[in-house]
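The values are calculated or read from the model by the stated rules, or taken from the named source; none is laboratory data. Source: prediction; values computed, not measured. Neighbour counts are summed over all protein chains in view; Cβ atoms, including those assigned to glycine, are modelled from backbone coordinates with ideal geometry.
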């Protein structure tokens, strides 16, 4: 099941998250650089204009030639400045470089007072509605004559613009070239990341069965979440695979060992029967015990082979009461030999399930023998069987010390045992057989008793016969 795109609630794609700060930083950097460069260049141009204005004033100051109208016109033309010569003694004022329509103030107008000297910063002034920046100097040859150099506000603005436009043009060109490139570049990045995220999301959805929860974040956030989920699922699958491989090897080993061991048991039983025939000692108790023990081992091995070789025999109706009765009959001599009291149920519902009688018998024998070993000499085993509205239950309980706490969660797994000489496969085999027959084996520890319950739900039952029978009789 692929993870649906509709399940995502992105707070913003990588492209938007990456491009916005990148573009803002880049645009701010370019504009800041261009702006600072433009300001510096414009200040340099203004300073150059003012230095030129001061230089014109210096030239006029030390001029040894008469400042006639033609001379002033030439100087104004070459320098680009407006020049005014003011002679208070003669009460005259002459101008060059000004527009013809600009009327000059009178020679004694207060506007001429207080103009800074040529080596100081110019003063802003307005003449006939036009803005100027003016400086003054007194001529060395004629101290009473004053030369005024005016720079128009337009020339100052033009100087600023001449200094500002090259950096601004370069910055704009850089932005015009790089912004589309950044847009395409981030588009390619996000497309590749989205492709990877989509494939990982599909794999994670198939393996981990992604729930219908929202996946927040951008492509990388969803990718990391899917990779994390995928890693967890792969770890689980690896553990399952290792467990399956372990169980497969265990099954093969048990199957081979059980097959060989059953052949040996068959030979031993044949030897006992031949001994009875030859020695005429059919009533010998020791031979009965040996025959029962061999039958017990054979039952367990048949159950194991039924578990490991599913195709060995077809499933048939099995009466639980009859199987339980046979299991009790096989394990009762062992209980008597070990000094363990076996408390049998008064009655057991006679219901049938589909499966293998050998397998179910072996499962119950395993549970009973496990209880015998757990309780030890002088202990008690309580066998109960009941029918409820939902299931049929067979319970094997013992009053032994119970399993260690550290093994409680893994007691039904293979090779888990607290017995020094134990192998740890009896309960595993019993649980597997019960599950194969549609039931479930679970256990608990209550009031000093360890209880193993085999439960078959009503869906697994074929029928229910009579009121029950005593499996011990």
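The single residue among 339, 267 that is at pLDDT 85 or above and more than 58 Å from the chain's Cα centre (by Cα) turns out to be 339. Restricting attention to region 354-367, the residues being surrounded by fewer than 22 Cβ atoms within 10 Å (Cβ to Cβ) and under 23 Å from residue 295 (Cβ atoms) number 1.
Residue count for region 350-367 under the criterion of being more than 13 Å from residue 395 (Cβ to Cβ) and in contact with a strand residue (DSSP E or B) (Cβ under 8 Å, 6 or more places away or on another chain): the result is 10. Restricting attention to region 105-129, and to residues there that are in a helix (DSSP H, G or I) and without any contact (Cβ under 8 Å) to a residue 24 or more places away in the chain, which single residue is surrounded by the most Cβ atoms within 10 Å (Cβ to Cβ)? Here the residue is 111. Residue check: residue 336 meets all listed conditions (1) crowded, with 20+ Cβ neighbours inside 10 Å; (2) free of Cβ contacts under 8 Å to residues at least 60 places away in the same chain but one, namely (1).
Counting residues in region 150-171 that are part of a strand (DSSP E or B) and either exposed (fewer than 13 other Cβ atoms within 10 Å of the Cβ) or modelled with pLDDT of 85 or more (or both) gives zero. Of the residues in region 417-425, none is closer than 22 Å to residue 316 by Cβ, without any contact (Cβ under 8 Å) to a residue 60 or more places away in the chain and crowded, with 16+ Cβ neighbours inside 10 Å.
Contact map, region 229-245: first residue not assigned by TED's automatic domain parsing to the domain that holds residue 432, second residue surrounded by 13 or more Cβ atoms within 10 Å (Cβ to Cβ), Cβ cut-off under 6 Å, separation 6 or more or different chains; pairs are 229/204; 229/208; 230/204; 233/207; 233/208. Looking only at region 342-356, residues that are over 24 Å from residue 389 (Cα atoms), at pLDDT 85 or above and touching a helix residue (DSSP H, G or I) at 6+ places or on another chain (Cβ under 6 Å) come to 1 in all.
Can we say residue 61 is modelled with pLDDT of 80 or more and either more than 30 Å from residue 183 (Cα to Cα) or touching a helix residue (DSSP H, G or I) at 6+ places or on another chain (Cβ under 7 Å) (or both)?
yes
Any residue that is in contact (Cβ under 8 Å) with a residue 40 or more places away in the chain, assigned to a strand (DSSP E or B) and within 16 Å of residue 460 (Cβ to Cβ) - is there at least one of those in region 322-332? No, every residue in region 322-332 fails to be in contact (Cβ under 8 Å) with a residue 40 or more places away in the chain, assigned to a strand (DSSP E or B) and within 16 Å of residue 460 (Cβ to Cβ). Within region 385-416, the set of residues being within 39 Å of the chain's Cα centre (by Cα), at pLDDT 75 or above and not in a helix (DSSP H, G or I) comprises 404, 411, 412, 413. Residue 370 satisfies every condition listed in (1) crowded, with 18+ Cβ neighbours inside 10 Å; (2) out of contact with any strand residue (DSSP E or B) (no Cβ under 9 Å at 6 or more places or on another chain); (3) over 17 Å from residue 440 (Cα atoms) except (2). Selection of region 59-72 for residues being loosely packed, with under 14 Cβ neighbours inside 10 Å and assigned to a helix (DSSP H, G or I) yields 69, 70.
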